[in-house]
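Below is one structure, written out as structure tokens; comments come after it.
The values are calculated or read from the model by the stated rules, or taken from the named source; none is laboratory data. Because the structure is a prediction, the values reported are computed rather than measured. For neighbour counting, all protein chains shown are included, and Cβ atoms are generated from backbone atoms with ideal geometry for every residue, glycine included. Accessible surface areas use protein heavy atoms only, side chains included; no ligands, DNA or RNA. Shrake-Rupley method; radii C 1.70, N 1.55, O 1.52, S 1.80 Å.
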Amino acid sequence: MTQQNKGRPRPARARGGAAALAPARLDSLGEALTGTLPSIYGDFPMEIGAAVDEVTVTIAAELVPEACRIAKEHRDLEFDYLRCISAVDYVERIEVNYHLFSLQKRHKMVIKTNVSPDDPRVPTVVNVWRGADWFEREAHDLYGVVFQDHPNLSPLLLYDGFEGHPGLKSFPYHEYEEW
């Protein structure tokens, strides 16, 4: 056992050697953040939870820009760093996640929203964090999520004229053999 891992429990292993899902374990910063969010967001309809070591907030897609602006500007939150935007295809819905971090307060949070795979639309947050530009273009390329009012949703990873969205589970991958 290395000095770094001394005294820490090892992750449980499931059948086949895969690591079991880790339970939510918020540190004191996460616990404090969870208690603060309802008073900051007031009447916002939201679900507050935890996933692994991050506070999660699930809201409606149309509320994303305002929730992100509050997360960035409120003195008790100060989420000045957008770590990334990720999209997850659950077939019946696409979940768009905004991974946030506060450089000053050292806490982290994920703002989540669910959209229909038939019409995946979310308002852009480029006006809140300029760095959202490439993340939104990536999610548009791979999952087909349309970020409304985005200044330039041109392809970032795929070439012009590419048909389909290869991040979706429904995308047809062709059989190939390694040589």
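Subtracting the Cα-Cα distance of Lys105 and Ile40 from 0.36 nm times their residue separation leaves 21.8 nm of extension gain. Once the Cα-Cα distance is subtracted from the 0.36 nm per residue extended length, the Arg121 to Arg25 segment shows a gain of 31.4 nm. Across every pair of non-identical alpha carbons in the stretch 27-81, the mean reciprocal distance, once inverted, gives a Kirkwood radius of 11.7 Å. Heavy-atom surface analysis with a 1.4 Å probe gives the stretch 41-118 a carbon and sulfur content of 47 percent of its accessible area. Along the axis of the charge dipole computed for the stretch 55-173 (Cβ charges of +1 for Lys and Arg, -1 for Asp and Glu, origin at the Cα centre), the listed residues Ala61, His165, Asn152 are led at the positive end by Ala61. Note on exposure: Tyr159, Tyr41 ranked by accessible area (1.4 Å probe, complete protein assembly) read Tyr159, Tyr41, with the most exposed listed first. Per residue, the convex hull spanned by the alpha carbons of the stretch 30-150 comes to 97 Å³. Our estimate of slack between Asp53 and Tyr159, defined as 0.36 nm per intervening residue step minus the Cα-Cα distance, is 34.5 nm. I need the calculated FRET efficiency for the pair Ser170 and Asp80, taking r as the beta carbon distance and R₀ as 25 Å, to the nearest 0.05. The calculated FRET efficiency here is 0.10.
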